[in-house]
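The values are calculated or read from the model by the stated rules, or taken from the named source; none is laboratory data. Given the structure is predicted, the values throughout are model-derived calculations rather than measurements. We place every Cβ from the backbone using ideal geometry, glycine too, and count neighbours over all the protein chains shown.
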Amino acid sequence: MDEIKVRGALVTDHSEILKLLLGWFEELSIKGFPGLCNYTGLWLADLIANHIVLVAEYANKIIGTIGMRIGYFPWNNEEQILSNEFLMVDKTMRKKGTADLLLKAIKQFADKGKLTIVLGHMTGTDSDLKDRYLGIHGFKYGGGNFIYKGE
């Protein structure tokens, strides 16, 4: 039986990650929300090459991804942070623990580097459920974002 595996994204994963992100835009219920454009591919390539993008694979197919930008708080350039660009799981694969594995892997990366994770609100439906879900994973609510500062 296949199991879900998480690994660092490769540049060759670019198209499959974009397909997942297109799914995210399709799920949004906000009319007029800006979607993908000509710049999107460059933005994603930069994120893969210079920051952190993890993918979850199942049966040799990418079913989930998380992208984090390495940077600093605007008011503090002494402590590096990982700020969330996206967290997306294929809607047909959401009951398999894929997001759990992606969050666990990014938290391990943050713990190793003593980095703070700043995860913005996830869009879509069931925001209260998503808030509780992040709390279960050790994130604390901090003024419109969720913060993870090590275990």
Original post:
Looking at this structure, is Thr123 under 24 Å from Leu18 (Cβ atoms), at pLDDT 90 or above and either among the aliphatic types (A, V, I, L, M) or surrounded by 14 or more Cβ atoms within 10 Å (Cβ to Cβ) (or both)?
Top reply: no
**OP:** Select from segment 70-93 the residues that are of a type in the set (A, V, I, L, M) and either over 23 Å from Thr116 (Cβ atoms) or in contact with a Lys or Arg (Cβ under 6 Å, 6 or more places away or on another chain) (or both) and list them in ascending order.
**Re:** Val89, Met93
Original post:
Does segment 62-69 contain any residue that is basic (Lys, Arg) and under 13 Å from Val118 (Cβ atoms)?
Top reply: yes
Original post:
Does Thr92 satisfy being modelled with pLDDT under 90, closer than 21 Å to Ile17 by Cβ and part of a loop (DSSP other than H, G, I, E, B)?
Top reply: no
Original post:
Which of (1) surrounded by 14 or more Cβ atoms within 10 Å (Cβ to Cβ); (2) under 19 Å from Ala99 (Cα atoms); (3) in contact with a strand residue (DSSP E or B) (Cβ under 6 Å, 6 or more places away or on another chain); (4) at pLDDT 95 or above is the odd one out, the single condition Trp24 does not satisfy?
Top reply: (4)
